[in-house]
1. Out of (1) without any contact (Cβ under 8 Å) to a residue 24 or more places away in the chain; (2) more than 14 Å from chain B (Cβ to nearest Cβ); (3) more than 22 Å from A:Ser336 (Cα to Cα), the odd one out for A:Glu538 is which?
2. Tell me which residues, restricted to the stretch A:203-226, are within 13 Å of ligand 1 (Cβ to nearest atom) and within 25 Å of B:Thr120 (Cβ to Cβ).
3. So, in the stretch B:203-241, of the ones that are charged (D, E, K, R) and buried (at least 18 other Cβ atoms within 10 Å of the Cβ), which residue ends up farthest from B:Lys175 (Cα to Cα)?
4. I'd like the full set of residues that are more than 9 Å from chain B (Cβ to nearest Cβ), within 16 Å of ligand 2 (Cβ to nearest atom) and either surrounded by fewer than 24 Cβ atoms within 10 Å (Cβ to Cβ) or not in a loop (DSSP other than H, G, I, E, B) (or both), limited to the stretch A:52-109.
5. Give me the residue from the stretch B:1-18 that is part of a loop (DSSP other than H, G, I, E, B) and over 30 Å from A:Val349 (Cβ atoms) and, out of that set, nearest to the chain's Cα centre (by Cα).
6. For a quick check of your reading of the model, give me the residue pairs whose first member lies in the stretch B:158-172 and is more than 10 Å from chain A (Cβ to nearest Cβ), whose second is assigned to a helix (DSSP H, G or I), with beta-carbon atoms closer than 6 Å and at least 6 apart or on different chains.
7. Right, B:Val8: surrounded by fewer than 23 Cβ atoms within 10 Å (Cβ to Cβ) and within 10 Å of chain A (Cβ to nearest Cβ) or not?
Amino acid sequence: MAQLDSRIPKGELAGKWQRHKADIRLVNPSNKRKYEVIVVGAGLAGASASASLSELGYRVSCFVFHDSPRRAHSIAAQGGINAAKNYQNDGDSVHRLFYDTIKGGDYRSREANVHRLAEVSVNIIDQCVAQGVPFAREYGGLLANRSFGGAQVSRTFYARGQTGQQLLLGAYSALSREVASGGVKLHTQSEMLDLVVVGGHAKGIIVRDLVTGKVTCHAADAVILATGGYGNVFDLSTYARGSNATAIWRAYKRGACFANPCFTQIHPTCIPVSGEYQSKLTLMSESLRNDGRIWVPKRKEDRLKPPASIAEDDRDYYLERIYPSFGNLCPRDVASRAAKRVCDEGRGVGESGLGVYLDFADAIGRLGEAGVRERYGNLFDIYHEITNENAYKVPMRIFPAVHYTMGGLWVDYNLMSNVPGLFVLGEANFSDHGANRLGASALMQGLADGYFVIPYTIGDYLATQKPGSRPPADGAEFRQAEENVVGSTSRLLSVKGKRPVSHFHRRLGRILWQGCGMARNRAGLEQALREIPALREEFWADVNVPGSGDSLNQSLERAGRVADFLELGELMCRDALTREESCGCHFREEHQYPDGECKRDDSAFAHVAAWEFAGDGKAPVRNTEPLVYEAVKMSVRNYK
Amino acid sequence: MSTKTFSVTLRVWRQSGPGKPGKFVEYPATGVNPDMSFLEMLDVVNDELTAKGEEPIAFAHDCREGICGTCSLTIDGKPHGPHRGVASCQTYMRSYEEGDTIVVEPFRARPFPVLKDLITDRSAFDAIQQAGGFISVRTGAAPEANAVPVPKEAADLAMDAAQCIGCGACVAACKNASAMLFVAAKVSHLGLLPQGQPERDRRVLAMVSTMDTLGFGGCTNQYECSAACPKLISHDFIARMNRDYAKAIFRSAFKPVAAGGEGA
Ligand SMILES: Cc1cc2nc3c(=O)[nH]c(=O)nc-3n(C[C@H](O)[C@H](O)[C@H](O)COP(=O)(O)OP(=O)(O)OC[C@H]3O[C@@H](n4cnc5c(N)ncnc54)[C@H](O)[C@@H]3O)c2cc1C
Ligand code: FES
């Protein structure tokens, strides 16, 4: 059994981080350059970590599968980033952001981590402004804010509808500066395919050059994974097509525990599926819920009528009706399930019946078309581009889609996994969002981890490692891992079956969406647990990966990722089946209140489930970390 | 929602690797749905090629929503295809009709060598960025964010420039393969903000000189770049950068040298 020591500092909550920083071991400045740190990923988390560690003097090697760090999936975040600045003087505070995040996560996250996140949120905004991130401003020249789901204050900072882009370009510029200074060695189009563990510690990675196919070994004193989320396990999602689970999955198979894999977020406002060929689902930022009103017809018969012809009285603004105090701004899991319910009742709009209206008529009346364009112009453009409809004239049609994964590798308070020397940042870890993430909090967490947490906490580990004790990159463990990578590559190429990789990915996605999507139940999960291994077998017998391993081969890249998804999908269902309660995004139909809200079971499940690999074909071990609430009283979430 | 499908013919650039000879190959695309994106149409063609045991067409893509700058197709001679203000991935098949022949090539520019089929190496852009596309601020050393107000107009204009997705369409559209719009966007974004002032001269000198060293051509004011830009970044920023550059040359006591390394 893995040892899960969360290493939460003792003492009163608000002082934990300050005290921890004062107490942990440090690496002295002249020794820092003797340490080699590998960072995999250069999204918000990886780029900010690489830049900050290099500034401190560590020697950093940064690996990304993209052709440039600026292409990481973080670039696509639209809506904004939270921070407890209280610039609006509307009663915000570190405590309130902390509390909203804990409550939003349905009491399944760690108090201490979340409090730290809220504390450093304010530093993030300072840092980004200093880097030149062009956040939206008011006429007086001060920073502007908007509100986001799950909060009753305005604390979200934004740069039009391109906040992730601007934050990532900020982190990328800091990273570029360190590359120029020689502190960071950047490896683009380089995919990590295995973690190397030497004497129980993470000491390196195996990488395939995606252009030449060459496989190489890299040693370091510590390894940081900042490789993003695994939502593409569902095939259709709002993620970039390349996002994948390979780095964390292979680390899992080397001993790192995978926490709460079934906690996946389904975002309520995405453009509905239009056909079989669909390759991705486009998010319409949650910020739209500030001004758009969500509705469906009251009567089934009206669902195909032109929306303008449906009288006000015949419309059901169901979020405003059921949740009067949060209305259209209730949290994502709540909004998504409500949409599912009205569609299940047969009131969904659009040809497929899988859609609800997001209507801006009132906002246009209030602000004028120009006012709405100023706030959301680029989102309306995207919508038009995809659907050929003008949302200034007809309401948008939206439907929930997979969007974020709260689950990820288990980490302690220092963001270190149970494998010493392996750190996990950003969406790739499980740490801060419990069973549901609030909007605008992922960008905050990614940058908190990279700029303000890891620069301190990595020292606590490195101080225990003698400078120069790093193993050579040609040791036995490296050779073994390299062979493993070369072997699985040639295995994929040698199946030579009949079906393209996409075929299996699509089918896996359907199984998961049915069995482990917005609503889950025992029978559905058990069925998925029968179907996934069968599909995996079929994959290894019938997949066709053309081309060779020694050149650029996109089919091969995707095949490796889908092979991992076919294993991860099973773990997700297993996790969902074992968690006999509903919480946040994990909605088990067997566990609900009469009004359809989540029924948690705090006596049995107030814990993190951290799964441990036990070998291929063996059932993984379920370890638990109890969640102890000292400052907040666990209660039933209520957004009414 | 449209359900009537149609067929087109693709003439696609195939090239097995860097420096290898390439050629156009024709493929039919059948059962095309007008609501498909151009890339989804290519996905379907690729699955058919795979089923026939042929190597699929390599093309770069990721976000498929016009923000990551990965996709980079020249469609019928135009970088990012027929429509203004969108990337290749935001081009939809409703722009085409039964029987059309569509020519698909990579972005063509000397500093962007072809890696395979429709994929090019655009790392030269990273090298330009490393030369000076940043504000030097150590993590943790930043002052309180609202300490320096920024006039809304300046912030908005900086944002107009900062929207650049680094795709390289501007270079591909320019007969000189100039990267002026790309560089001007970064220089203007940072130069318009108070935080960007201390390094303003150094930045423009270093980025421009790196751009020259990497083999990008000069600007002859045709403004094909802005027309091809998926974010419609205005060529006014080029004029702004030219002014910055002239002032910096005048003020600088040092020669314009790049601080950054060569192509990463
Ligand atoms: C459409 C959309 C909109 C969003 N909007 C918001 C928002 O408004 N506010 C908010 O807070 N959050 C938002 N999110 C969530 C947020 O964008 C992400 O959670 C966050 O950006 C993840 O950052 P990251 O650094 O952890 O990972 P990523 O940005 O995904 O970066 C992953 C990095 O890892 C690299 N990588 C991965 N695997 C490997 C490997 N095996 N080898 C080498 N490199 C590898 C990649 O190249 C990349 O550099 C949004 C998400 C989506 C999908
Ligand atoms: S794929 Fe990201 S911009 Fe086209």
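1. Exception for A:Glu538: condition (1).
2. A:Val207, A:Arg208, A:Asp209, A:Leu210, A:Val215, A:Thr216
3. Among them, the one singled out is B:Arg203.
4. A:Ser74
5. Restricting to residues being part of a loop (DSSP other than H, G, I, E, B) and over 30 Å from A:Val349 (Cβ atoms), the top hit is B:Pro18.
6. B:Ala169/B:Ala228; B:Cys170/B:Leu181; B:Cys170/B:Phe182; B:Cys170/B:Cys225
7. no
Per-residue answers, yes or no, for (1) surrounded by fewer than 19 Cβ atoms within 10 Å (Cβ to Cβ); (2) within 26 Å of the chain's Cα centre (by Cα); (3) among the acidic types (Asp, Glu):
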| residue | (1), (2), (3) |
| --- | --- |
| A:Phe326 | no, yes, no |
| A:Leu329 | no, yes, no |
| A:Arg337 | no, yes, no |
| A:Asp344 | yes, no, yes |
| A:Glu351 | yes, no, yes |
| A:Ala363 | no, no, no |
| A:Arg366 | yes, no, no |
| A:Glu369 | yes, no, yes |
| A:Glu374 | yes, no, yes |
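The values are calculated or read from the model by the stated rules, or taken from the named source; none is laboratory data. Here the structure is a predicted model, which means the values were calculated and not measured. All Cβ positions, even for glycine, are placed from backbone atoms using ideal geometry, and neighbour counts span all protein chains on display.
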